[in-house]
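Below: the structure, in structure tokens.
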Ligand code: SF4
């Protein structure tokens, strides 16, 4: 078996910053640390942190007054920030700066009276956080069919997008928005983040060279799901697995070529575990293909800067 290993894959700068922020907070502040929503959408990361005293919650009311609460990489609405303030929580904001950028765009357009059409998946943590920036002014569309049902409610319209969309889906929806509302404006630069684009581009480029694609990531990870879709759109079978325990060895029997990649919230040790089993069971020869040299880095949350970590603290 010839295994192509896509690069870039796995952790993006936003996920790395959020994971390090929680790791550091547990070291500096100690447990428990409450986290609003999953720190990143990956079951393994969440379980590892739970083992160290992180408590994940979807409700501010569940957090004891005065406790420390960390906001996840996906960001939160102003209503959540206010609720945390009223509860006298000590907050640490690990929102990815690229998500914050979309929040700021939503605020800017809403205050200028725009009707905002947001292309994204309703119910996703990121989307709900951004929707809260301008309640009543943001409408969510997920498909071209949603665009066809949309009515104009203002003479000024703009679209914004979730950071982890499929590039192809977003392009189709934007095209139909422009056909239906020719004067609709868009963000100065695409909101789909560099990590989403790079990982999807790698799959698009490499999937046609293999018989099957394995994407490592959790089922609630938007960008991981998009990677399997990118492969399937090219007619290549693809599976999304959370880790080694979900690897379907039967389906891999007899295959000569496989592409392995990972969503932006999947840690590298899970990828290596899969690679090692492919070597062991199928004698896989692994070739890493580097298509982009990612050097993006985000600073830790401002609340953690300058805090000293005790020498006895350990990390995940
Ligand atoms: S996928 Fe993109 S927007 Fe989301 S955390 Fe990573 S860098 Fe930030």
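The values are calculated or read from the model by the stated rules, or taken from the named source; none is laboratory data. This one's a predicted model, so the numbers in the text were calculated from it and none came from an experiment. Glycine gets a Cβ as well: all are built from the backbone with ideal geometry, and neighbour counts include every protein chain shown.
Please verify whether residue 230 is within 16 Å of the ligand (Cβ to nearest atom), closer than 29 Å to residue 129 by Cα and in contact with a strand residue (DSSP E or B) (Cβ under 9 Å, 6 or more places away or on another chain), treating the condition exactly as stated. Steps first, please.
Details: within 16 Å of the ligand (Cβ to nearest atom): yes; closer than 29 Å to residue 129 by Cα: yes; in contact with a strand residue (DSSP E or B) (Cβ under 9 Å, 6 or more places away or on another chain): yes.
Judged against the criteria, residue 230 is a match.
Mind listing just one residue for me: the one in segment 204-223 that is within 16 Å of the ligand (Cβ to nearest atom) and under 17 Å from residue 275 (Cβ atoms) and, of those, nearest to the chain's Cα centre (by Cα)?
217
Just checking, how many residues over segment 117-138 are touching a strand residue (DSSP E or B) at 6+ places or on another chain (Cβ under 7 Å) and surrounded by 15 or more Cβ atoms within 10 Å (Cβ to Cβ)? Qualifying residue count, segment 117-138: 10. Scanning segment 168-189 for residues that are within 16 Å of the ligand (Cβ to nearest atom) and in contact with a strand residue (DSSP E or B) (Cβ under 7 Å, 6 or more places away or on another chain) yields 170, 187.
For segment 127-162, give me each residue that is in a loop (DSSP other than H, G, I, E, B) and modelled with pLDDT of 95 or more. Please lay out each step first, then the result.
Taking segment 127-162 and keeping what is in a loop (DSSP other than H, G, I, E, B), we get 132-137, 142-143, 150-156, 162.
Answer for segment 127-162, where residues must be in a loop (DSSP other than H, G, I, E, B) and modelled with pLDDT of 95 or more: 132, 133, 142, 143, 150, 156, 162.
Does at least one position in segment 239-249 carry a residue that is under 19 Å from the mean Cα position of the chain (by Cα), surrounded by fewer than 14 Cβ atoms within 10 Å (Cβ to Cβ), within 25 Å of residue 71 (Cβ to Cβ) and more than 16 Å from the ligand (Cβ to nearest atom)? Give the derivation first.
In the first step, residues of segment 239-249 are kept if they are under 19 Å from the mean Cα position of the chain (by Cα); the result is 239-243.
Then keep just the ones that are surrounded by fewer than 14 Cβ atoms within 10 Å (Cβ to Cβ); that gives none.
No, the conditions are met nowhere in segment 239-249.
Out of curiosity, is residue 111 surrounded by fewer than 23 Cβ atoms within 10 Å (Cβ to Cβ) and touching a strand residue (DSSP E or B) at 6+ places or on another chain (Cβ under 6 Å)? So residue 111 does not fit the description; no.
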